[in-house]
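Trainee: Take this structure, written in structure tokens, and hold onto it; I'll ask about it next.
The values are calculated or read from the model by the stated rules, or taken from the named source; none is laboratory data. Model, not experiment: these values are computed from the prediction. Because the Cβ atoms are built from the backbone with ideal geometry, glycine has one as well, and the counts that use them run over all protein chains shown.
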Amino acid sequence: MASTVSFMYYKIKVFLFKIFLLGLISLGTVELLYQFNPYTERNLEISYTASIIEKYKRLQSLPSPKIVLIAGSNFAYGINSEMIEKSLHKPVVNMAMHYDYGTDFMLRQIQGEMKAGDTVIMGFEYIIETEGDVGEKIQMAKIFPKAYEWFDYKSITQYIRENVIVRISNLRLILERLSSKEEVPPTVEDNTSIFFRRAINQYGDLISHLNNPSLKSIPPAVINDKVSMHLAIADMNAFYERMQKKGVMVYYSYPSYAKSSYKHDQTIINKLDKEFKSEARFPILGKLKDFVFADSLCQDMVYHLNAKGRDIRTQKLIDLLKTAH
């Protein structure tokens with residue numbers, strides 16, 4: 001009887017060891033595919049995230065005094081930097097990509113490259129948060145390691161959770177690619193693609209959408225009355241104070257917004273505007289309604305302007321900057 005129990009105990013240990021070994025091999029495979037992704041070179045060409053390489057290179061190379069634009073996609077879509085550069089006679093770089101990186105990450109991204117005489121224009125969306133999506137930051141850092149300097153983890157738990165999620169997502173994408181047809185490379189010239197590395201021009205502006213047809217009806221925004229910009233404003237205030245010490249001018253410009261959604265969200269957005277005006281210590285360019293645009297000037301959502309809309313918005317920004325100076 002004792003030998004039978006001992007044998008069963010041995011069998012259980014062997015079984016558990018096999019499970020452990022299988023798990024270890026699986027985790028090792030997932031990590032190996034993450035570190036040595038067979039599609040790495042391809043990702044560098046088609047990933048919109050990879051456009052940070054060109055944007056940051058321009059940020060570092062521009063002489064001062066320069067103008068730096070930072071925000072989410074409303075600036076990426078909605079600014080004609082060449083117009084600003086020619087009008088104000090200062091080199092411009094548009095560092096805007098996606099609101100989900102959060103204000104802390106985006107402001108840390110540019111602060112080390114700012115010098116006396118430079119100008120920063122912030123244009124964060126009404127739904128911006130301070131932390132943003134950690135997974136997206138990890139993915140950028142995988143492509144552009146300097147990005148690791150722009151964010152921190154709240155805890156070891158967050159570090160493990162977010163990195164596991166990124167690695168599983170990476171594995172899923174690899175498997176999808178293995179079972180799908182070869183991808184057609186996106187280009188600025190086509191009339192469908194938007195987000196890919198070469199979707200920007202030399203200034204950092206997104207231009208891939210300029211020849212794409214705009215949506216006939218702009219979808220409403222996802223915004224509720226619980227939204228607050230309190231923490232994001234605190235980030236901007238802290239950034240403003242740091243830049244003041246360096247002799248850098250910092251302004252805030254309201255994000256572009258579709259008129260139909262503004263009518264629907266007016267109460268919430270006006271509440272955010274009051275929050276902004278009561279807490280912001282940096283100068284604000286213009287009024288909120290200056291940047292509410294007809295839906296016909298929008299591309300595919302409330303924050304995104306089309307070719308005509310971005311030129312109108314840019315000219316408004318130029319006029320306000322001239323007045324501010």
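Trainee: Here is a check on your reading of the model: is R42 at negative phi, at pLDDT below 95 and under 22 Å from the mean Cα position of the chain (by Cα)? Give the steps one after another, and end with the answer.
Mentor: Values: at negative phi: yes; at pLDDT below 95: yes; under 22 Å from the mean Cα position of the chain (by Cα): yes.
Considered against the rule, which asks whether it is at negative phi, at pLDDT below 95 and under 22 Å from the mean Cα position of the chain (by Cα), R42 comes out as yes.
This table checks each residue for (1) among the acidic types (D, E); (2) in a helix (DSSP H, G or I); (3) touching a Lys or Arg at 6+ places or on another chain (Cβ under 9 Å); (4) in contact (Cβ under 8 Å) with a residue 40 or more places away in the chain.
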position	(1), (2), (3), (4)
K263	no, yes, no, no
Q266	no, yes, no, no
K271	no, yes, no, yes
K277	no, yes, no, no
D290	yes, yes, yes, no
K308	no, yes, no, no
I312	no, yes, no, no
L317	no, yes, no, yes
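Trainee: Within the range 82-92, can one find any residue that is farther than 20 Å from K246 by Cβ, touching a Ser or Thr at 6+ places or on another chain (Cβ under 8 Å) and at pLDDT 95 or above?
Mentor: yes
Trainee: Could you list all residues from the range 188-235 that are part of a loop (DSSP other than H, G, I, E, B), more than 19 Å from R310 (Cα to Cα) and either among the charged types (D, E, K, R) or not assigned by TED's automatic domain parsing to the domain that holds S256 (or both)?
Mentor: D190, D225, K226
Trainee: Given the conditions (1) modelled with pLDDT under 85; (2) in contact with a Lys or Arg (Cβ under 6 Å, 6 or more places away or on another chain), and given that L173 satisfies all but one, which numbered condition is not satisfied?
Mentor: It fails just one condition, (2).
Trainee: Restricting the search to the range 236-263, which residues are surrounded by fewer than 15 Cβ atoms within 10 Å (Cβ to Cβ) and either at pLDDT below 95 or not assigned by TED's automatic domain parsing to the domain that holds G78 (or both)?
Mentor: K263
Trainee: From the set of residues in the range 276-305 that are of a type in the set (D, E) and surrounded by 15 or more Cβ atoms within 10 Å (Cβ to Cβ), which is nearest to A324 (Cα to Cα)?
Mentor: Applying the filter and picking the extreme gives D290.
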